[in-house]
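Heads up, the thing below is written out as structure tokens.
The values are calculated or read from the model by the stated rules, or taken from the named source; none is laboratory data. What you are looking at is a predicted structure, and each value in this text was computed from that prediction instead of being measured. All Cβ positions, glycine included, derive from the backbone under ideal geometry; neighbour counts span all protein chains shown. Just so you know, the surface numbers come from the protein's heavy atoms only, side chains and all, with ligands and any DNA or RNA stripped out. Shrake-Rupley method; radii C 1.70, N 1.55, O 1.52, S 1.80 Å.
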2 protein chains.
Amino acid sequence: MVKRVFHGDIVFTSHMGGFDIYEDSYILVEDGIVVKITKNLEESDKGYELVDYRGKLIIPGFSDIHLHAPQYPNRGLGMDKELIPWLNTYTFPEEAKFSDLEYSRDVYKKLIRDLWREGTTRSVVFSSVHLNSTKLLMDMFIESGLGAYVGKVNMDRNSSDKLNESTEKSIRDTEALLQEYVNKSYLVKPIITPRFLPTCTDKLLHELAGLAVDYNVPIQSHLNENTSEVNWIKELYPDSTSYSGVYNDFGLFGQKKTIMAHCVYNKDEEIELMAKNGVYAAHCPHSNFNLSSGMMPVRKFIEKGVNIGLGSDISGGHTLRIPDVIIGAIHQSKMNWLLSNKELKPLSTAEAFYMATKGGGSFFGKVGSFEEGYEFDALVIDVEDLMVGKTLTIEEKLQKYLYIGSKDNIIQRYVKGLKIEEPS
Amino acid sequence: MVKRVFHGDIVFTSHMGGFDIYEDSYILVEDGIVVKITKNLEESDKGYELVDYRGKLIIPGFSDIHLHAPQYPNRGLGMDKELIPWLNTYTFPEEAKFSDLEYSRDVYKKLIRDLWREGTTRSVVFSSVHLNSTKLLMDMFIESGLGAYVGKVNMDRNSSDKLNESTEKSIRDTEALLQEYVNKSYLVKPIITPRFLPTCTDKLLHELAGLAVDYNVPIQSHLNENTSEVNWIKELYPDSTSYSGVYNDFGLFGQKKTIMAHCVYNKDEEIELMAKNGVYAAHCPHSNFNLSSGMMPVRKFIEKGVNIGLGSDISGGHTLRIPDVIIGAIHQSKMNWLLSNKELKPLSTAEAFYMATKGGGSFFGKVGSFEEGYEFDALVIDVEDLMVGKTLTIEEKLQKYLYIGSKDNIIQRYVKGLKIEEPS
């Protein structure tokens, strides 16, 4: 058994609303699992190897629960369009290139390196429609030591000629991926990934829901991102009461653990259905801003008890850095507060930090916190070069890192107790 | 005469609305002033020293036309409050420390270093109320080689006990600064700086307007940032038709070149008065988000012909990096587009880039563009490490730098033709 004790200024959020702060304390970890936090080591703690991060912050690693790996080359480009034209002009042509494994390897190498650099220890990822490229991405994640759910995208209608799959091939390739990867790795697992309703036939949606049950794997898709998209859903499913209702009817809305990205235009009944079914919302504020989609009223989701994590949504979002996404979420919530006559309270820093750690991390299990029994995913942060003039409290140091820090402030990354080196 | 020719991919915005792009071209500079741009050097251009930045972008340096130097230690802190409580809790106590010259030197050294790092070649700065600390800041700017307008803040009511000045001292210290600095440096000059109406008595405002005329110096202040502040103005000046109208009545609204920061809640007549009087709006989107102030309808200002530059508004804003402010401005304009029933068109990247260069730069004179006769303020940008997968056009390379680049992508900075080294 590997027993280590990490010494530093420990900060996390066991609940939404405030920070758990243990200044100059020790966190004991056995085989990657947190045992306890203590201010002073006792005689019985002597069997632990000491890892000294005194004066540094020790915080949970970040979970990014919505991003598109093959859109990485487009990051920061084409931000003058809305969702549907942007998909057709920028996204689909780029994703078509991922039939080429060498191109895929080149791009995914840089993506995984940059996730590592920015402290994202767990990701929930859309790949492209391509089976082999998706397998490559999963193998590269396994090699990196970072955690991930990765989904082969399904779309058998309304995409580009180069990406459209037959229904049969889409199902066959998905099942092949499940068979090979469902038990291959503890940290990297497959996830069922219908792109969104407009690109999937009824037959495909039905079959994917069946595969999720048969292989006991989770589901991810998009929901209520943009008004044009929402209107399109009404045209495609005139008899349905809501976008969420269609997913639910197909068994793709919490029947297995599910993430729905965006949720900008959810009706109240849809928010309630998410809470009831335990469906996660992936809140992607920068993408919502960039694609002029709108502002997710995140406070409503919190009040109704929906699980919420944050997503970079590369490349609708431009930044991989989850602290930037935290700030975007706070900004969006502040504007919603103003627009709602101050009924929807803005997110505090602690609330948004919770979403980026335990909120999204809980999709992976006991991840994103330092409570007893949690997997020790951690970042060690040195904010020395961010301090100007006055001395700061532990919470202020964390705020500095979140608001004005960078990858350069992260001096070490751990996943389930293992130190992760920069992917080569 | 110093004659240099810079070779690279030249990008700037001579007008609002589109990029001027000269791929693999030459820009000829004499004694810091742009002479011409050419695709091929001619026989008559042989007398110029060649500076080779082939494959790199050459863009104008950024102008930050609204920031508070003594708030630099608070950057990224206290973002859970609105304007007035934030001023009282965080800002005024910090600014009070700048009676101490050693503390001032320590903070201003890091501020100027970071402005240099992020490529801000010109700044319009609020100092504190303290005369000696303001002189120190100006001397440090002069030493750095960067350009700046710096104002000693005036407030003789409604601030904290430690900061409140007598009316007489406020005027006397301001005039002392003007006398010493009005002709001391070409690049660093004083600016009249009443903090905002609530902190200045009528007598002080009247005298400051007189000093602006007597010494022929510009003016800066705050305008319509937050609804509580706007309501306070109505209480303080019940007979006035608008916040802008009060400044105008005192001769502080374009009688000399003037910048007003924020302008979130301007009435149409106030926007028209700004256009008529040539008053600049300093648009500070991140500050507006952070302090829950609101969203400036920037398109209205453009349509009415107001001069607009961008401001980091440290420390209401958290980031010094002007490309981040560009993105914030675009985000805010996209949300205004949605909220206005798509009447207020979002900012394009080129429009926001214009504001950050020629828009704000024009406050300094012929600054922020590479047209003939402009001062050569330039950044040399290498985006190699931002490129993943596909090849990019010059405009796409600039987009990458703006959206996902950092200070590390800036390999050289020039102000009026002189290469500026990192301040020591």
Worksheet entry | Shape category assigned to region B:329-388 from the gyration tensor of Cα positions, a/c cut at 1.5 | oblate
Worksheet item: Given label points at 7 Å from Cα along Cα→Cβ, what nm distances, shortest first, separate B:Thr89 from the same residue in every other copy?
Response: 4.3
Item to complete: Run through the DSSP bridge list for the protein assembly as shown and note the antiparallel percent, rounded to the nearest 5.
Response: 40
Response to the item:
Taking A:104-113, A:38-47, A:12-21, B:369-378 and ranking on average Cβ neighbours within 10 Å, highest first, one gets B:369-378, A:104-113, A:12-21, A:38-47
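As a quick test, which of the pairs A:Lys366/A:Lys419; B:Lys109/B:Lys366; A:Lys358/B:Lys400; A:Lys334/B:Lys358; A:Lys110/B:Lys390; B:Lys109/B:Lys152 have an alpha carbon distance above 20 angstrom in this structure? Don't skip to the answer; put the middle values down first.
Values: A:Lys366/A:Lys419 18 Å; B:Lys109/B:Lys366 28 Å; A:Lys358/B:Lys400 31 Å; A:Lys334/B:Lys358 31 Å; A:Lys110/B:Lys390 13 Å; B:Lys109/B:Lys152 18 Å.
Result: B:Lys109/B:Lys366; A:Lys358/B:Lys400; A:Lys334/B:Lys358 exceed 20 Å.
When a/c is below 1.5 the answer is rounded, else prolate if a/b is larger than b/c, else oblate, so apply that to region B:72-204 with a ≥ b ≥ c taken from the square roots of the Cα gyration tensor eigenvalues. Could you put the intermediate results ahead of the total?
Details: a/c = 1.86, a/b = 1.14, b/c = 1.62.
Since a/c reaches 1.5 but b/c is at least a/b, the shape of region B:72-204 is classed as oblate.
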Worksheet item: Of the peptides A:147-160, A:164-177, A:394-407, how do they stack up when ordered by the mean number of other Cβ atoms within 10 Å, highest first?
Response: A:147-160, A:394-407, A:164-177
Worksheet item: How high is the FRET efficiency between A:Lys276 and B:Asp161 when r is their beta carbon distance and R₀ equals 51 Å, given to the nearest 0.05?
Response: 0.40
Worksheet item: Taking a label point 7 Å from Cα toward Cβ, how far is A:Glu43 from its twins in the other copies, in nm, shortest first?
Response: 9.7
Worksheet item: Roughly how big is the B-A contact, given as buried accessible area in Å² (both sides, 1.4 Å probe, nearest 100)?
Response: 3800
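By its C-alpha gyration tensor, with a ≥ b ≥ c as the square roots of the eigenvalues, how is region A:62-364 shaped: rounded for a/c under 1.5, else prolate for a/b larger than b/c, else oblate? Numbers along the way, then the final one.
Values: a/c = 1.41, a/b = 1.20, b/c = 1.17.
Since a/c stays below 1.5, the shape of region A:62-364 is classed as rounded.
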Worksheet item: In peptide A:74-82, how many Cβ atoms from other protein chains are near each Cβ within 10 Å, on average?
Response: 6
Discussion item. In chain A, if the dipole is taken from +1 on Lys/Arg beta carbons and -1 on Asp/Glu beta carbons about the Cα centre, which of A:Asn154, A:Val388, A:Ile58 is farthest to the positive end?
Written reply: A:Val388
Discussion item. What does the net charge come to around B:Leu115 if you take all other residues with beta carbon closer than 12 Å to its beta carbon, with K and R at +1 and D and E at -1?
Written reply: +4
Worksheet item: Sorted from shortest, what are the nm distances separating the label point of B:Lys169 from equivalent points in the other copies, each placed 7 Å from Cα along Cα to C-beta?
Response: 8.0
Worksheet item: So, counting K/R as plus one and D/E as minus one, what does the shell of residues with Cβ under 15 Å around B:Met155 add up to?
Response: -3
Worksheet item: What does the charge dipole of chain A about its Cα centre add up to, to the nearest 20 debye, if the Cβ of each Lys and Arg holds +1 and the Cβ of each Asp and Glu holds -1?
Response: 200
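What does the charge add up to near B:Ser244, with Lys and Arg as +1, Asp and Glu as -1, over the other residues with Cβ less than 12 Å from its Cβ? Each step should come with its number before you reach the end.
Details: positive: B:Lys267, B:Lys276; negative: B:Asp249, B:Asp268, B:Glu269, B:Glu270, B:Glu272.
Local charge sum for B:Ser244: -3.
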Practice prompt. For region A:335-397, calculate the relative contact order in percent as a whole number, restricting contacts to Cα pairs under 8 Å that are 6 or more residues apart.
Written response: 13
Discussion item. Suppose only helical runs count, i.e. DSSP H with n ≥ 4. What mean residue ellipticity at 222 nm does that imply for the protein assembly as shown under -39500 (n - 2.57) per run, divided by all residues and rounded to the nearest 500 deg cm²/dmol?
Written reply: -10000 deg cm²/dmol
Discussion item. Projecting each Cα onto the charge dipole of chain B (Lys/Arg +1, Asp/Glu -1 at the beta carbon, about the Cα centre), which of B:Tyr90, B:Tyr186, B:Ile411 comes out farthest on the positive side?
Written reply: B:Ile411
Discussion item. Averaged across B:340-352, how many Cβ atoms of other chains sit within 10 Å of each residue's Cβ atom?
Written reply: 1
Worksheet item: Quick one: ranking B:Glu229, B:Glu143 by accessible area, 1.4 Å probe, largest first, what do you get?
Response: B:Glu143, B:Glu229
Response to the item:
Here the relative contact order (percent) of region A:62-364, from C-alpha pairs under 8 Å and at least 6 apart, is 19
Worksheet item: Which aspartates and glutamates, on any chain, are close to A:Lys267 with Cα under 13 Å apart, when same-chain ones fewer than 8 places away are left out?
Response: A:Glu225
Worksheet item: What accessible area per residue comes out for chain A, rounded to a whole number of Å², with a 1.4 Å probe?
Response: 34
Worksheet item: Percent antiparallel among DSSP beta bridges with both residues in chain A, to the nearest 5?
Response: 40
Worksheet item: For region B:300-345, what relative contact order do you get, as a whole percent, if you take Cα pairs closer than 8 Å and at least 6 residues apart?
Response: 23
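State to the nearest 20 debye the size of the charge dipole of region B:244-352 about its Cα centre, where the only charges are +1 on K and R beta carbons and -1 on D and E beta carbons.
Numbers: 11 positive and 10 negative charges, 40 e Å.
Its charge dipole is roughly 200 debye.
To the nearest 20 debye, what is the magnitude of the charge dipole of region A:1-142 about its Cα centre, counting +1 on the Cβ of each Lys and Arg and -1 on the Cβ of each Asp and Glu?
Numbers: 17 positive and 22 negative charges, 54 e Å.
My answer is approximately 260 debye.
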Worksheet item: Using modelled amide H (1.01 Å from N, peptide plane; none on Pro or chain starts), what sits under 5 Å from the amide H of B:Asn154, excluding residues fewer than 5 places away?
Response: B:Thr193, B:Arg195
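Mind checking B:396-403 for the average number of partner chain beta-carbons within 10 Å of each residue's beta-carbon?
On the way: counts 4, 1, 1, 7, 5, 1, 3, 9.
Neighbouring Cβ atoms belonging to other protein chains average 4 per residue here.
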